[in-house]
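The values are calculated or read from the model by the stated rules, or taken from the named source; none is laboratory data. None of these values were measured; they are calculated from a predicted model. Neighbour counts are summed over all protein chains in view; Cβ atoms, including those assigned to glycine, are modelled from backbone coordinates with ideal geometry.
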Amino acid sequence: MAAHQSSEWRSVCEKFRLAQELSEIESRKDPENNPFRSKYKARDLLKEIHCSLKKIEIEEEGEADNEADCESREMVDGELGSECGKSCSGDSPAGLRAARLAVVQYCLGVNHIETEELSAGEQHLMNCLKLIDKCTTTRENVSLFIQARNQLGILWAGRDEIEKAQGFLEIAESMYLLYMREDGQPPLDLEDFFVLEGEELSQQEKIRRFEMAYTHTLYYLAQVYKNLQQYEKAGQYCHSTLQRQLEYKQFVPLEWAINAATLSQYYITKTRYMEARHCLAAASVIATLAGEIPSEAAAKESDAECEKREELLQKRSEIARCWIKYCLNLMQDAKKLLEDNIGELDLDRQEELKRARRSVEEEKEKGRKSAILFGSSDTFDSICSLEEKVSSMLPLDFEEARSIFLVGQSYVAQAKEYFAMDGHVTDHIEILQDHSALFKVLAFFEQDLERRCKMHKRRVDMLEPICKDLNAQYYLLICRQLQFELAETYYEMMDLKLAVADRQDQPDVHTIKKFNNLCSSSMKYYQMFLDSIRSPEGKFPEKLEDDLLRPALVARFRVARLQSKLISSNLDTQLENLTNSLDSYNFVVQYCEENPEAKKAVETELELSIEMVSLLPLKINRIRSKITSCN
Amino acid sequence: MADVSTECNIRVLCRFRPLNQSEILRADKYIPTFQGDDTVIIGGKPYVFDKVFPTNCTQEQVYNTCAKQIVKDVLEGYNGTIFAYGQTSSGKTYTMEGKLHDPDGRGIIPRIAEDIFNHIYTMDENLEFHIKVSYFEIYMDKIRDLLDVSKTNLSVHEDKNRVPYVKGCTERFVSSPEEVMDVIDEGKANRHVAVTNMNEHSSRSHSIFLINIKQEHVETEQKLCGKLYLVDLAGSEKVSKTGAEGAVLDEAKNINKSLSALGNVISALAEGTKTHVPYRDNEKK
């Protein structure tokens, strides 16, 4: 067109470029008391452009044969151009004119939205839609079709009309899929409408921008689905967004890695371990693209290197923590399936599950896998090899559990690299608690009781020093958690020692001493926990708060049991132990009587306590009479 | 607020300013009405707080209710925090700072500064006080020292013996209310230094002024330490509208434009007791 070369056209293009610059770059420098200064300027320019375009349109329409423009092409159902009521095709001169005006409407729409004038913004965006919806969708207007609907999606979501937002975005999504299937040519970008001939964006750049627009569509849909509480869809769309970011190289390595690692955690909540593992492997691999971690020496030399080292170490440790949760949950979910009603490994169930595993459908698995694959050719192999290091199937025996445990343990070391105790107390302890939990769940799979006991000992060795060292005033909640866990662990060890001793005929002095020590240690920590609940004056609360109710009563109950289990040859000591035990059992019974709502929280313990409260006095009396008869 | 009688006490107080010049010229209506000393009614709906302050309340009254007790607590070794939350032009600065040199118009901070020292002069002679102040700002995951602009990446440090603290932050010893106010002026002047996008900065950075009071009894050597945090949560209304890169997903319902907030969406899906959600940028512990 002659118009495209005229100086008038040149000035229109220049105005457009300037309007973009004002909106995107200059606006950041606007002062606090006039924050939209640049955007208002941009708006004026866009309005001028609109006027110029209208003028040109009138001129051009005079030149061209209107009827020829409005001839509709042969339509076939299911094709892009098949929608009824289209007055022209997108690539005709009329279509181009409409698209060009639509671009200005789009920019005005976004401009108004950014200056908090939502109604005006909506109006302009709807104008944009009307203009291009008159035409068939072609490479000229498909990008605008999608981008305008993206903006409308955001706008309506902001007005709390999520379904309306969903509508716009889903149409955009369908159009992308249809276009790619039927046409697939690199579409025009908004900028292409206001450049001089020969200065259009390259094919590559057109494609890149178009794909970016669609990636945003998926990203906005992820948010919409999340707001509609369709979490599975939300997760799927987040995953797709991540995939596309990788595919079109639109990502910042560390940020992408953290997002993938976080998504793996979502999959864990859905027990989809195959997906979780893939996300984690990808996270680990992509994180390395951020560069080598500067050495300590290099970090000392320069601030920038120091910051980089900190950041890389931190992100790597965060990813490691996600891996730990993967291993832990995988093992714990297996335990839930394998345990019987007293928490031991049920050998029959184990057999059953092993048999079931052999017949899992491979094809379905492959299909699921290919849907979620990340990566370009260069990272694909690294991701696969990392995945091969750990299973994504529930472990069914000790060997399988152990191999997952070892992977988890290696990530514990990596996590502690950044989250050292000094500086990151809370995080460090969380990691230790996870490590302890890894041991605990591995112990479940271990059949040998002595070896099991050793695993619990590792937990004690890990947590005891921390518990002693930590300031109880500032870290009250954590201290309580550690005390309770240590008490339970010693209790578990005590039970194991008891089981081992029962197999012997006469436990020797050495075993008895060990056993009593375990009892005392367990009691000590339960007592510490109970003491932490007391008021500053040492008074135990009359009524326990909800989150302390069960732990406190269970602690009392366990102390009672431990006191009755202590072994002594001395009758006076036995008497003392049993009397204390009775007191503790009594406490539980009385508390539940005075606070009936507490009964639900400690049903089993209460039942046993009531029993013991009636049995123990008999035992105590027997010992008392023995004592008197001895004297 | 640390209240001595109960373990932990949080109070929410709400203050209303009168219409300003431009509002009056526009013939805006004053819509809140008050019921008792704890309820405000807007558009027919009542909102209850621990205390509400209608427009006729004086700076002194506001101070006495909000902050006076906190000062006492901090001097007894407890910690206290005062958050100021409100839109720009809602009167936050007037309440927190007020007319600095006007005895009636002074706001909370100058009164706190003066009160601290007044109390100290009346306390046991054998008590030795060390008062340090720090002033820093949190912006986009980074902590910036407002008393030393070269320190732009301080971090929160956890130590097994003490609560989390900002490691490396400047601490200035002060020995008079005037010195406290001088530090505040200095910090304020530094807030927008080296900032590329002022709009975004003022709406998403939060300043924290920390007064650290240590006391030691000369004879018994008993030590006490109290901290008072004054937090200015700036421009709460602008967060979702600046359209800047990486804006925080403010309300759960709004769609966040920037792909850099994808992480927030994923984090929300991943929350749970069985998971580890990595610490994100754009948040601070």
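Scanning the range A:110-125 for residues being touching a residue at least 24 places away in the same chain (Cβ under 8 Å) and more than 10 Å from every other protein chain (Cβ to nearest Cβ) gives a total of 6. Residues in the range A:245-270 that are more than 10 Å from chain B (Cβ to nearest Cβ) and either part of a helix (DSSP H, G or I) or modelled with pLDDT of 95 or more (or both): A:Leu246, A:Glu247, A:Pro253. Remark: B:Val180 matches the filter, which requires a residue to be surrounded by 15 or more Cβ atoms within 10 Å (Cβ to Cβ), at pLDDT 85 or above and under 18 Å from the mean Cα position of the chain (by Cα).
Please work out if A:Ala234 is within 9 Å of chain B (Cβ to nearest Cβ), of a type outside the set (Lys, Arg) and buried (at least 21 other Cβ atoms within 10 Å of the Cβ). So A:Ala234 passes the test. Screening A:Pro541 on (1) assigned to a helix (DSSP H, G or I); (2) surrounded by fewer than 20 Cβ atoms within 10 Å (Cβ to Cβ); (3) touching a helix residue (DSSP H, G or I) at 6+ places or on another chain (Cβ under 8 Å); (4) not aromatic (Phe, Trp, Tyr) shows it passes everything except condition (1).
All of A:Phe445, A:Phe515, A:Phe484 fail the test of being more than 14 Å from chain B (Cβ to nearest Cβ), more than 22 Å from A:Val554 (Cβ to Cβ), aromatic (Phe, Trp, Tyr) and touching a residue at least 24 places away in the same chain (Cβ under 8 Å), apart from A:Phe445. When A:Lys130 is tested against (1) more than 27 Å from A:Glu14 (Cβ to Cβ); (2) in contact with a helix residue (DSSP H, G or I) (Cβ under 8 Å, 6 or more places away or on another chain), exactly one condition is not met: (2). Would it be correct to say that A:Gln229 is surrounded by fewer than 16 Cβ atoms within 10 Å (Cβ to Cβ), of a type in the set (S, T, N, Q), part of a loop (DSSP other than H, G, I, E, B) and at the interface with chain B (Cβ under 10 Å from one of its Cβ atoms)? Against the criterion (surrounded by fewer than 16 Cβ atoms within 10 Å (Cβ to Cβ), of a type in the set (S, T, N, Q), part of a loop (DSSP other than H, G, I, E, B) and at the interface with chain B (Cβ under 10 Å from one of its Cβ atoms)), A:Gln229 does not qualify. Taking A:Ala299 as the residue in question, decide whether it is assigned to a helix (DSSP H, G or I), in the same structural domain as A:Val412 (by the TED database) and over 17 Å from B:His276 (Cβ atoms). When the stated conditions are applied, A:Ala299 passes them. Scanning the range A:128-169 for residues that are more than 14 Å from chain B (Cβ to nearest Cβ), of a type in the set (Asp, Glu) and surrounded by fewer than 23 Cβ atoms within 10 Å (Cβ to Cβ) gives a single hit, A:Asp133.
Within the range B:143-170, take every residue that is among the charged types (D, E, K, R) and exposed (fewer than 15 other Cβ atoms within 10 Å of the Cβ) and give me the one that is farthest from the other protein chains (Cβ to nearest Cβ). In this case the residue turns out to be B:Lys167.
Within the range B:264-280, if we keep just the residues that are in contact (Cβ under 8 Å) with a residue 12 or more places away in the chain and more than 7 Å from chain A (Cβ to nearest Cβ), the residue that is surrounded by the fewest Cβ atoms within 10 Å (Cβ to Cβ) turns out to be B:Arg280.
Would you call B:Asp115 touching a residue at least 12 places away in the same chain (Cβ under 8 Å) and surrounded by fewer than 14 Cβ atoms within 10 Å (Cβ to Cβ)? When the stated conditions are applied, B:Asp115 does not pass them. Taking the conditions (1) buried (at least 17 other Cβ atoms within 10 Å of the Cβ); (2) in contact (Cβ under 8 Å) with a residue 24 or more places away in the chain in turn, A:Leu476 satisfies each one other than (1).
Looking across the range A:190-210, the residues that are of a type outside the set (A, V, I, L, M), modelled with pLDDT of 90 or more and surrounded by fewer than 18 Cβ atoms within 10 Å (Cβ to Cβ) come down to A:Ser202, A:Gln203, A:Gln204, A:Glu205, A:Arg208.
Scanning the range A:544-575 for residues that are assigned to a helix (DSSP H, G or I) and closer than 30 Å to A:Cys630 by Cα yields A:Val559, A:Ala560, A:Arg561, A:Leu562, A:Gln563, A:Ser564, A:Lys565, A:Leu571, A:Asp572, A:Thr573, A:Gln574, A:Leu575. Within the set A:Gln185, A:Gln223, the sole residue that is closer than 25 Å to A:Glu275 by Cα and outside the structural domain of A:Asn259 (by the TED database) turns out to be A:Gln223. Could you tell me which of the residues A:Gln414, A:Gln433 is touching a Ser or Thr at 6+ places or on another chain (Cβ under 7 Å), within 14 Å of another protein chain (Cβ to nearest Cβ) and surrounded by 17 or more Cβ atoms within 10 Å (Cβ to Cβ)? Just a single option satisfies the conditions, and that option is A:Gln414.
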